[in-house]
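Below: the structure, in structure tokens.
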Protein chains: 2
Amino acid sequence: MQTNKTFFLFFVFVVLLVFLFLFGAHAQVKVERWNRFEISLKGPVTGNPFTENHFSAIFSNNSKRVSVDGFYDGEGNYLIRFMPMELGKWNYITVSNIAALNHRSGLFTCVAPNNANHGMIRVADTYHFRYEDGKPYYPFGTTAYAWIHQGPELEEATLTTLKSSAFNKIRMCILPKYYTYVTNEPLFYPYEKGDGKNRWNFKRFNPAFFRHLEKRIDDLNALGIEADLIIFHPYDKGHWGFDSMGKENDLLYIKYLAARLSAFRNVWWSMANEFDYIKSKPRAVWDDYAAAVVGHDPYRHLCSIHNGSVYYDNWKPYFTHVSIQNGAPVEDFGRAGLLRDVYFKPVIYDEVCYEGNLPQRWGRLTGQEMTAAVWQGIIAGTYVTHGESIKGNGDTIFWAKGGILKGESPARIAFLRTLLENGPGPLHLADNWKDNQTAQTDSTYYLIYLGKPKQKEWMFSLPKKGGPPVGTKYKVDLIDTWKMSVTPINQVFETSKADGYRIYDKNHSLVSLPDDSYLAFRIHLIK
Amino acid sequence: MQTNKTFFLFFVFVVLLVFLFLFGAHAQVKVERWNRFEISLKGPVTGNPFTENHFSAIFSNNSKRVSVDGFYDGEGNYLIRFMPMELGKWNYITVSNIAALNHRSGLFTCVAPNNANHGMIRVADTYHFRYEDGKPYYPFGTTAYAWIHQGPELEEATLTTLKSSAFNKIRMCILPKYYTYVTNEPLFYPYEKGDGKNRWNFKRFNPAFFRHLEKRIDDLNALGIEADLIIFHPYDKGHWGFDSMGKENDLLYIKYLAARLSAFRNVWWSMANEFDYIKSKPRAVWDDYAAAVVGHDPYRHLCSIHNGSVYYDNWKPYFTHVSIQNGAPVEDFGRAGLLRDVYFKPVIYDEVCYEGNLPQRWGRLTGQEMTAAVWQGIIAGTYVTHGESIKGNGDTIFWAKGGILKGESPARIAFLRTLLENGPGPLHLADNWKDNQTAQTDSTYYLIYLGKPKQKEWMFSLPKKGGPPVGTKYKVDLIDTWKMSVTPINQVFETSKADGYRIYDKNHSLVSLPDDSYLAFRIHLIK
């Protein structure tokens, strides 16, 4: 009877395996931390599934419970997306007014991310940013407002361009843009067509539009680029009417966006571009809209509002950082930091005019001016976004449609990004309000920017404020921010006792400088 | 019986007169609009009348009811002060927990003010100020922190100096100041002495201190000068301990101040000087303190908070305007307006370093630099406060103790004040963010400031933005802001069609300039 017994034990073993497979299967689903877990269920197609059917889920692990909105993706598909923030087992249960979508549960395991996945970007040290895994993030953004509405060929060209650039953030409109240099119809519209009287049905989204947007956000993510998504903009003015859908429809759009996109880790919310130029939306409504974004986003992505001529109240709590349009603060020394003093949040000068050749004054910076603007922002402990408005022969303007970058500044901005990332941390003016050229992380690392003015010689000199003790030794590199060269100065500098508000090299030795503009010095402690 | 009848009629007439005198007397009390009406009653001296006895009054006319706190002035005197804001009859009734102070009523008539009384200063047109009677007020302030704590001789000298100056606002500390260059004891202390253990009794004020303060506020008022009263400051650090009395005593002090001073029309509240240097008071407490000031002040005097190195949240609703310490925004073109864009309130750069000869960098501006700083503020539609730190032979430094002004800038600031007051209204940059030199009221009046750089020639040129139509004719005066001269240019300028972003004279004629710094142009429409 040995065989029977063996067979019986084998049988029990197989049954156990089957049970394990059936009921343990979900726990075997693995999702990287900060990646997306998606629930997809079939539900009704009748009525208006976008507005009539509620669908959400509660995700929980041992320490957190997160309520996440689902959304209707068309063709009877109901989706919920979740970005797990913590490692380990998660389970969920759905909640819906539709039986087929209600009370469905499951579980998955959140595993460590791959090397290219550092999580969402968060504000760090009041004025700066870091990935969630602690890696510093210095925003070096560019601008291509309508790039996702240009069709596959141009969109792929844009991605190729971005891949070879150093930009790690892009300002882009969700809704199609109608403006000088961008007057084409998009491949996808965000809404279904309306009946005879109404051009669009603002209660029925077009999922294809959003799936395309999502693909592009993922394409950017694969390149390590943050998508600074502009939710509303004024570049419509009756052409489609997406700028004046009314408050109820605007809020429906925000809710749908947040349900679809919050689980994309590289999403930033920009409430609007040039909010004050959207004449259909009174100033006070932006509080409601920003509150809606924050309320529907379980992860609290970075969120800002971008002005035209008049700033919004950037101190309000919805806004994680300040997104300024104004070229003036980065046009000369001593300005960029003045706004940083105000808000106690990171300041990104997200539009400071563009490198280009347009007749409009916002579109005709030289490459030198665009590059210097980024430097002015960086040494003041703020950040500056690039844009290019170079009109060539029949090709596209990158700022408008994307395509190929032709300007001289992107390479210099890449050079600055490398400098900053090779340094020990983010910068601030060492002697704020008094010395507008000398940035430091602390007394171990300085970056001094001379800007356009040339000078024949340079004397080693640091502010006493935040400065080193007597006898501290430094190496200095001469940097040509335009030629992108780093030339070590063959000398050790050693600090003497502070003289008034400055600290000098003990020999007061002078360094001869080449006859060039846009020089800088990198000063680092000899350990 | 003719005589008897006559006598009877005469008797009735006399009785009526007596009645009219007895019961109508109070209505015959006349108080100028925005002057003070004072109720003085005798009450108990026992216990602690400062904290135990509540005393207030309701003032009303046909349209307003105003509740006003009274205060104990020592020696059994209980006072209530009221500033009537509207013409006509007012009545009042007192409220107290003390029978002798309770339910006392009376009336008076508010009559038209004299020619020198224009009422309180209010914010006007978002960024500017006006007296309550509509007269424009451009703040040209100075600074004498401890001038009221120097004894009669020096205090009278300060008033004489101020009388011959053009300053119409003064920043001054209520509490005595202990700091470099000001280390004397004051004549009056704000509190009674304490018992052996405690140096002061923070529950018992010294009315003589406050009566002296009030006299000085009235002295300033007689000169047309606003008293920008600094409620707290850090210049004590244990010397008297008035900077660290604890929250309960701080709030008691605020309530007492407001009860005594709110009816003085030339009072402004400055919550603190260099609030962030008062180490005993955490940042969050300033909200409570500012709310207390606003809550106890029935007239809503101007109220601000002044920073050291770190700004307060000037957007908060207690603050009617922004009072900035920072010299950098007025050191060069294109800066002062950057903060004005943020707050949607008037901005006064209330400390921008001082004209002086001290070793400290905050105390060694030249007269030219101090004057240029004021101009930089004015053309950007902001305001700048003067200060003088000139140390002579044994005399006082005006910034610290008052005394005699010796600097070169006050006369130039007076010249600018006259220019502004002779103009049609407050200024703003005509083409904000793009042209940092050209201020306008509207297209009828411009003030263009060249600052320190010299130029050989000047071409008539206005921004297209906010500019005039073709064929508009202007007269131009060349202004030397340092020599204080106004020289009409003997030419009529006539605008041609805008060329890009600028409007030029139709002949593009050039004006030769003298070899001087600090020139300006006043451009006014020929009607």
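Couple of notes before you dig in:
- When each of A:256, A:343, A:349, A:311 is tested for being buried (at least 17 other Cβ atoms within 10 Å of the Cβ) and more than 14 Å from chain B (Cβ to nearest Cβ), the lone residue that passes is A:256.
- All of A:255, A:169, A:203, A:163 fail the test of being in contact (Cβ under 8 Å) with a residue 60 or more places away in the chain and either in contact with a His (Cβ under 7 Å, 6 or more places away or on another chain) or of a type in the set (A, V, I, L, M, F, W, C) (or both), apart from A:255.
- Residue count, region B:148-182 (criterion: aliphatic (A, V, I, L, M) and under 21 Å from residue B:137 (Cα atoms)): 5
- Candidates A:464, A:475, A:452, filtered to the one that is farther than 29 Å from residue A:172 by Cβ, touching a helix residue (DSSP H, G or I) at 6+ places or on another chain (Cβ under 7 Å), touching a residue at least 24 places away in the same chain (Cβ under 8 Å) and not assigned by TED's automatic domain parsing to the domain that holds residue A:156: A:452
- Extreme residue, nearest to the other protein chains (Cβ to nearest Cβ), among residues of region A:407-432 that are in a loop (DSSP other than H, G, I, E, B) and surrounded by 18 or more Cβ atoms within 10 Å (Cβ to Cβ): A:432
Matching residues to (1) within 14 Å of chain A (Cβ to nearest Cβ); (2) free of Cβ contacts under 8 Å to residues at least 60 places away in the same chain:
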| site | (1), (2) |
| --- | --- |
| B:297 | no, yes |
| B:301 | no, no |
| B:333 | yes, no |
| B:356 | no, yes |
| B:363 | yes, yes |
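- Enumeration of residues in region A:488-512 that are away from every other protein chain (no Cβ under 14 Å), more than 38 Å from the chain's Cα centre (by Cα) and in a loop (DSSP other than H, G, I, E, B): A:490, A:491, A:492, A:496, A:497, A:506, A:507, A:508, A:509
- Only one entry in A:356, A:367, A:394, A:327 is crowded, with 22+ Cβ neighbours inside 10 Å and either assigned by TED's automatic domain parsing to the domain that holds residue A:235 or in contact with a Phe, Trp or Tyr (Cβ under 9 Å, 6 or more places away or on another chain) (or both), namely A:356.
- For region A:433-446, the candidate set comprises residues that are of a type in the set (S, T, N, Q) and within 17 Å of residue A:522 (Cβ to Cβ); within that set, the residue that is farthest from the other protein chains (Cβ to nearest Cβ) is A:444.
- Test: residue in region B:119-140 that is more than 30 Å from residue B:207 (Cα to Cα) and among the polar types (S, T, N, Q): yes
- As for region A:480-503, it holds at least one residue that is more than 30 Å from residue A:411 (Cβ to Cβ), without any contact (Cβ under 8 Å) to a residue 24 or more places away in the chain and surrounded by 13 or more Cβ atoms within 10 Å (Cβ to Cβ).
- Every condition in (1) in contact with a Ser or Thr (Cβ under 7 Å, 6 or more places away or on another chain); (2) at positive phi holds for residue B:246 except the one numbered (1).
- Condition check for residue A:329 on (1) over 24 Å from residue A:453 (Cβ atoms); (2) facing another protein chain (nearest Cβ under 9 Å): one failure, at (1).
- Given (1) more than 15 Å from residue A:33 (Cβ to Cβ); (2) touching a residue at least 60 places away in the same chain (Cβ under 8 Å), number of the condition residue A:58 does not satisfy: (2)
- Selection count where residues are surrounded by 20 or more Cβ atoms within 10 Å (Cβ to Cβ) and within 11 Å of another protein chain (Cβ to nearest Cβ), scope region A:315-324: 2
- Matching residues, region A:61-89, being farther than 25 Å from residue A:251 by Cβ, among the acidic types (Asp, Glu) and either without any contact (Cβ under 8 Å) to a residue 12 or more places away in the chain or buried (at least 19 other Cβ atoms within 10 Å of the Cβ) (or both): none
The values are calculated or read from the model by the stated rules, or taken from the named source; none is laboratory data. The shown structure was predicted, so the numbers you read here are calculated from the model rather than taken from an experiment. Don't worry about glycine lacking a Cβ; one is built from the backbone with ideal geometry, like all the others, and counts go over all protein chains shown.
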